[in-house]
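The values are calculated or read from the model by the stated rules, or taken from the named source; none is laboratory data. All values reported here derive from a predicted model rather than from experimental measurement. Methodologically, a virtual Cβ is constructed for each residue, glycine included, from the backbone with ideal geometry; neighbour enumeration extends over all protein chains shown. The accessibility values were calculated without ligands, DNA or RNA, using every heavy atom of the protein model including side chains. Shrake-Rupley method; radii C 1.70, N 1.55, O 1.52, S 1.80 Å.
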Amino acid sequence: MPDRYDYGIIGVGEIGAAIVTGLCEGVDDAPRILFSPRNAERAAALAARYPSVAVAPDNQSVASRCATVVLSIRPKDSRAILTGLTFRPDQAVISVLAGVPNEELEPLVAPARDIARAIPLPPVGRRAGVTPVHPGTTAARALFGRLGGASEVDDAAAFEAMSAATGTIAAHLRYLAAISGWLSDQGVAPEQAARYVRSIFANVGEDLADGRGDLDELASAHATPGGINERFSAMLDEAGVFATVSRSLQVIYNRLTGG
């Protein structure tokens with residue numbers, strides 16, 4: 001096991017595993033990565049898959065031996081896990097803990113001062129998507145620049161709002177599942193219905209992926225006047241669906257910020 005590693009990851013959950021996969025899969029010059037022993041089975045599998053990855057005997061080894069430490073633990077466990085660990089003043093720390101501001105994190109990782117927060121999602125494992133970072137430290141931009149791109153967010157409140165927005169993913173998928181379920185109720189075979197719905201929205205996703213156009217403009221482009229898309233959207237609007245989205249996001253935002 002080398003004395004020094006490029007990245008250390010404390011907490012090997014889904015996001016930690018996705019970060020490692022994105023950094024290493026199909027990469028000739030993959031960085032050296034040291035995992036904490038948490039979730040030993042997943043960590044061991046990744047270490048076996050990628051030669052540049054190793055599993056540390058404890059969390060302190062990660063804090064001691066890595067230039068950049070990524071904190072990928074559950075927010076409620078952060079104090080218990082980080083208290084007692086010794087970080088270095090020349091070290092960079094990147095936290096992916098939702099709802100834990102830098103002000104709360106700073107005393108837990110002192111004397112490290114190079115601290116950033118990030119909101120990576122599972123597609124970083126495919127080096128896809130853009131990850132918000134606050135602030136845009138050199139270490140955060142370098143890491144997520146290798147994983148699809150970093151979006152620097154200067155304002156802490158704006159960063160928390162972007163974090164809240166990630167809470168809409170499951171609801172979006174339930175929306176698609178509801179469409180697929182309705183098709184099945186009309187006699188379409190479930191697998192065919194699901195495949196068709198995926199196809200519809202995958203094609204829409206291509207419009208989103210090219211990064212062009214205002215979202216309202218995209219919605220209007222798909223809503224032919226007097227057509228079924230326009231009518232369906234209007235019915236959801238009349239039912240208060242879109243207003244509920246805004247209210248629900250505010251509730252999530254308040255939870256993250258303690259408001």
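When you scan segment 59-99, how many residues do you find that are assigned to a helix (DSSP H, G or I) and out of contact with any Gly (no Cβ under 6 Å at 6 or more places or on another chain)? Can you show your working first?
Here is the first cut: in segment 59-99, the ones assigned to a helix (DSSP H, G or I) are 59-65, 75-82.
Of the ones still in play, those that are also out of contact with any Gly (no Cβ under 6 Å at 6 or more places or on another chain) are 59-61, 63-65, 76-82.
Within segment 59-99, residues that are assigned to a helix (DSSP H, G or I) and out of contact with any Gly (no Cβ under 6 Å at 6 or more places or on another chain) number 13.
Out of 215, 236, which single residue is among the hydrophobic types (A, V, I, L, M, F, W, C), more than 19 Å from residue 160 (Cα to Cα) and either open to solvent by less than 80 Å² (accessible area, probe 1.4 Å) or in contact (Cβ under 8 Å) with a residue 40 or more places away in the chain (or both)? Can you show your working first?
Working: 215 fails: either open to solvent by less than 80 Å² (accessible area, probe 1.4 Å) or in contact (Cβ under 8 Å) with a residue 40 or more places away in the chain (or both).
That would be 236, the only listed residue that is among the hydrophobic types (A, V, I, L, M, F, W, C), more than 19 Å from residue 160 (Cα to Cα) and either open to solvent by less than 80 Å² (accessible area, probe 1.4 Å) or in contact (Cβ under 8 Å) with a residue 40 or more places away in the chain (or both).
Please go through segment 149-198 and give me each residue that is of a type in the set (Asp, Glu) and either touching a helix residue (DSSP H, G or I) at 6+ places or on another chain (Cβ under 8 Å) or farther than 20 Å from residue 97 by Cβ (or both), ordered by number.
Here is the first cut: in segment 149-198, the ones of a type in the set (Asp, Glu) are 152, 154-155, 160, 185, 191.
Listed by number, the residues that qualify are 152, 160, 185, 191.
Which residues, counting only those in segment 100-125, are surrounded by 20 or more Cβ atoms within 10 Å (Cβ to Cβ) and basic (Lys, Arg)?
117
Looking only at segment 1-45, count every residue that is part of a helix (DSSP H, G or I) and surrounded by 22 or more Cβ atoms within 10 Å (Cβ to Cβ) and tell me the total. Talk me through it step by step, then tell me what you get.
Within segment 1-45, the subset part of a helix (DSSP H, G or I) is 14-24, 40-45.
Checking which are surrounded by 22 or more Cβ atoms within 10 Å (Cβ to Cβ) leaves us with 16, 19-20, 22-23, 43.
Total satisfying the criteria: 6.
Which of the residues that make up segment 126-139 are open to solvent by 30 Å² or more (accessible area, probe 1.4 Å) and hydrophobic (A, V, I, L, M, F, W, C)?
The first filter runs over segment 126-139 and keeps only residues open to solvent by 30 Å² or more (accessible area, probe 1.4 Å), leaving 126-130, 135, 138.
Correct list: 128, 130.
Filter segment 243-259 for residues that are assigned to a helix (DSSP H, G or I) and open to solvent by less than 90 Å² (accessible area, probe 1.4 Å) and give the result.
Here is the first cut: in segment 243-259, the residues assigned to a helix (DSSP H, G or I) are 243-257.
Hits for segment 243-259 are 243, 244, 245, 246, 248, 249, 252, 253, 254, 256, 257.
May I ask you to say which residue of 164, 177 is touching a Phe, Trp or Tyr at 6+ places or on another chain (Cβ under 6 Å) and in a helix (DSSP H, G or I)? Before the answer, list the steps.
Numbers: 177 fails: touching a Phe, Trp or Tyr at 6+ places or on another chain (Cβ under 6 Å).
Only one candidate passes the filter, namely 164.
Which one is farthest from residue 68 (Cα to Cα) among residues in segment 127-161 that are hydroxyl-bearing (Ser, Thr, Tyr) and part of a strand (DSSP E or B)?
Just the residues of segment 127-161 that are hydroxyl-bearing (Ser, Thr, Tyr), to begin with: 131, 137-138, 151.
From the residues that got through so far, the ones that are part of a strand (DSSP E or B) too are 131, 151.
Numbers: 131: 17, 151: 19 Å.
The residue in question is 151.
Take residue 85 and tell me if it is modelled with pLDDT of 90 or more and surrounded by fewer than 19 Cβ atoms within 10 Å (Cβ to Cβ).
On the way: modelled with pLDDT of 90 or more: yes; surrounded by fewer than 19 Cβ atoms within 10 Å (Cβ to Cβ): yes.
Yes: the conditions hold for residue 85.
Out of all the residues in segment 172-212, which are among the β-branched types (Val, Ile, Thr) and surrounded by 14 or more Cβ atoms within 10 Å (Cβ to Cβ)? I'd like the intermediate steps shown before the answer.
Of the residues in segment 172-212, the ones among the β-branched types (Val, Ile, Thr) are 179, 188, 197, 200, 204.
Matches in segment 172-212: 179, 188, 197.
Being farther than 15 Å from residue 13 by Cα and at pLDDT below 95 is the filter; apply it to segment 66-80 and report the residue that is least open to solvent (accessible area, probe 1.4 Å).
80
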